[in-house]
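Step one of this worksheet: look at the structure below.
The values are calculated or read from the model by the stated rules, or taken from the named source; none is laboratory data. If you're wondering where the values come from, they're calculated on a predicted model, not measured in any experiment. Ideal geometry is used to build each Cβ from the backbone, glycine not excepted, and the neighbour counts take in all protein chains shown. We work out accessible area using only protein heavy atoms, side chains counted, and drop any ligands, DNA or RNA first. Shrake-Rupley method; radii C 1.70, N 1.55, O 1.52, S 1.80 Å.
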Amino acid sequence: RTTMKSLRFISAEAFVSNAEFARKSLGAVAHDLFPLLFKASYLLEQGEVIHDLVENWPLFDFNIGKLLGATLDYKEDLSHRTCSVCLESCLTGLRDYVLNQSSPYMKKLKVVDLTGIKDVEVQFCKCKKTMGRWARTQLLSKLCSDLLVYLQQARCNPGTFEVSISVLIDLFVTERNYELVVQALLKKCSCPLKICCVAFRSDNLTMQKFFYIIKLTDPSLLRKLEIVHNVHLEMEHLEMLFNCIHFPLLMSLTLPARTFNVRRFTATDEQTLTNIGEKMGEMTQLTELSMSFSILTGRIQKLLSPLKTPLKMLDVSNCSLNHADMAFLANSFHANHLEALDLSGHNIPELYPSTFFKLLSHCSSVLRSLTLEDCNIQDTHVNMLILGLSPCQKLQEFKFIGNPLSSQALKHLFTFLCELPMLKNVEFPVPRDCYPFGITYPIDDASVCRFDHQKYERVAEELNLILLQANRGDVKASTPLFGSYDAAVQETNNELGAYLIKSFKETLEKFTSSINKMS
């Protein structure tokens, strides 16, 4: 697919394609052409030109999402290209903007917004090397620290110290880059490049380090907080976090697995849960909440009823919800506003079919993403599912991996899915008849790959043919056996794996020690 380019954009490409000529000529370029040249340079991966454009940026702001997004001159959105060459050139160009010896009166740049970059699975850049969120956090923190060291040692133009640029970024901090990010945040006041954290994700951090760094980020600016893998946040820690720190702008909150476990609740824990609900109620901007793999049986109302703003995204996958929880969701004011809903890991047809379909009917006019993985949806439930999904005309994504459906039932379902006009992505299970007879659901990790791969490929081809015959080649259908692509996990999987091995080793040592003591 070729995207049309204006004559201006074609001219810009021609100009930047000769890097040496373009770099020498930038001084004669009109200021309003810099955004055009930047996008053309990014498309052609002209790192040196990108660096010099940023180093000499003549405008008040630099918003990478807008610069790379659809424009009149070139409608293709390049913000999903996390090209390492381009992004490194951007950031080093920003450092050199500060150090550039031109008059401080010429320097207008006040705000750099790096939050518009989207990390995706398939990259189209020629270099095929990506710079993910973790690496961007690492590089910006290093450049800020290096910049301060250089300014303290070198004889710079006094005007350099007057430069003050707010750099909006989504930080991603793990044990491996923690110290570097902490140093950059601690010295923020002295550094011309001032890191402004808009979204924060932490993996592989001790509670002590998490609490320390979250205070340094200036939580009053934070819009998104993700506490994900190997941060042992439990309910009492969450209460402490909300009591100590206010998040007035927080729109999205993701909590790690096992934050809540009502099976071992005491009277004190019930009060703690009530307090957490009330604190979340004070977050008037909060519209996205993810609490997967916690045990919340019978407590959804206590947690969500204090919220004053309706949720647009709710992930309560594998949370052991009961009928009362589902009834609350179906009847709550959140139901009419849910654009993304994940109820994976609940036996919906057996536990609360009518309540679930009531919830689905209430959110049908706005629902964009529905995830029902490992929900025990069988062939006999497909007609009812089709009936429930029919009003969901805005649905863009439907994921239902891990359900015991036959290839025949999948074909029936796909024929219906062709009728959903906005649908773009479907994640479907390996058909039950591709597995050995007697397989039990949910399928464990050891057995999930033990199916007839040739038969699966034939069925997958037939399903794609159903889409093509209905002129729905725009729908991507796939079976990611081990879950959807997660850019953050992909980028830090080595560190995550090392941490898990270390944890396993420590557990084994404690177990062996206990056995020895008993002996």
- Query: Around residue 69, which amide H atoms from residues at least 5 apart in sequence, or from another chain, sit under 5 Å from its own amide H, with H modelled in the peptide plane?
  - Reply: 78
- Item | Computed E for residue 450/residue 416 - FRET, C-beta separation, R0 25 angstrom, nearest 0.05 | 0.25
- Note on the structure: In this structure, the FRET efficiency calculated for residue 390 and residue 66 from their beta-carbon separation, with R0 = 60 Å, to the nearest 0.05, is 0.95
- Message: A 20 angstrom limit on the alpha carbon distance is what I want to check against. Which of 24/194; 66/110; 108/142; 215/312; 66/108 exceed it?
- Response: 24/194; 108/142; 215/312
- Normalise the Cα radius of gyration of region 75-222 by 2.2 N^0.38 Å (N = residues in it) and let me know the number. 1.08
- Item | Helix 84-99 vs. the chain, principal-axis angle (Cα, 0 to 90°, nearest 10) | 40
- Pairwise centroid distance, computed over Cα atoms, of region 447-462 with region 44-74, Å: 45
- Separation between Cα centres of region 199-265 and region 305-319, rounded to whole Å: 17
- Message: Given an 8 Å cut-off on Cα distances and at least 6 residues of separation, report the relative contact order of the chain as a percent.
- Response: 7
- region 117-146 residues near the modelled residue 96 label - backbone nitrogen below 17 Å, point 7 Å along Cα→Cβ: 140, 143-144, 146
- When ranked by the protection proxy of mean other Cβ atoms within 10 Å per residue, highest first, what sequence do the peptides 299-308, 211-220 form? 299-308, 211-220
- Task: Go through 352, 150 and list them by solvent-accessible area, largest first, probe radius 1.4 Å.
- Result: 150, 352
- Given a Förster radius of 30 Å and the C-beta distance between residue 14 and residue 123 as r, what FRET efficiency does 1/(1 + (r/R0)^6) yield to the nearest 0.05? 0.75
- Accessible-area order (highest first, 1.4 angstrom probe) of the listed residues 127, 197: 127, 197
- Item | chymotrypsin sites (Phe, Trp or Tyr not before Pro) within region 415-461: DSSP coil, no more than 10 neighbouring Cβ in 10 Å | 437
- Query: In the chain, with Lys and Arg counted as +1 and Asp and Glu as -1 at Cβ, which of these residues, 430, 40, 154, has the Cα nearest the positive end of the dipole, that is, farthest along it?
  - Reply: 154
- Message: Give me P(r) over region 58-162, computed from all C-alpha to C-alpha distances, binned every 10 Å, as integer percentages.
- Response: 13, 40, 31, 14, 2
- Item | Calculated over region 224-483: convex hull of Cα atoms, volume per residue (Å³) | 128
- Note on the structure: Quick numbers on region 7-131, Rg and Dmax over C-alpha atoms in Å, give 13.7, 43
- Message: Give me the percent of accessible area attributable to carbon and sulfur for the chain, probe 1.4 angstrom.
- Response: 55
- Message: For the full complex of protein chains and a 1.4 angstrom probe, list 244, 191 by accessible area with the highest value first.
- Response: 244, 191
- Message: I want the antiparallel fraction of DSSP beta bridges within the chain, as a percent rounded to 5.
- Response: 5
- Message: So for each of 65-72, 21-28, 171-178, 422-429 I average, over its residues, the number of other beta carbons within 10 Å; can you give me the resulting order with the highest mean first?
- Response: 171-178, 422-429, 65-72, 21-28
- Message: If every alpha-carbon in the chain counts as one equal scatterer, what log10 I(q)/I(0) does Debye give at q = 0.09, 0.10 1/Å?
- Response: -0.79, -0.96
- Note on the structure: With the 1.4 Å probe rolled over protein heavy atoms, the chain has an accessible area per residue in Å² of 48
- Message: Just to confirm the number: angle between the C-alpha axis of helix 407-417 and the first principal axis of the chain, 0 to 90 degrees, nearest 10?
- Response: 50
- Task: Give me the aspartates and glutamates in straight-line cross-link reach of residue 302: C-alpha distance below 20 Å, same-chain residues under 8 apart excluded.
- Result: 234, 236, 239, 269, 270, 278, 282, 288, 315, 325, 342
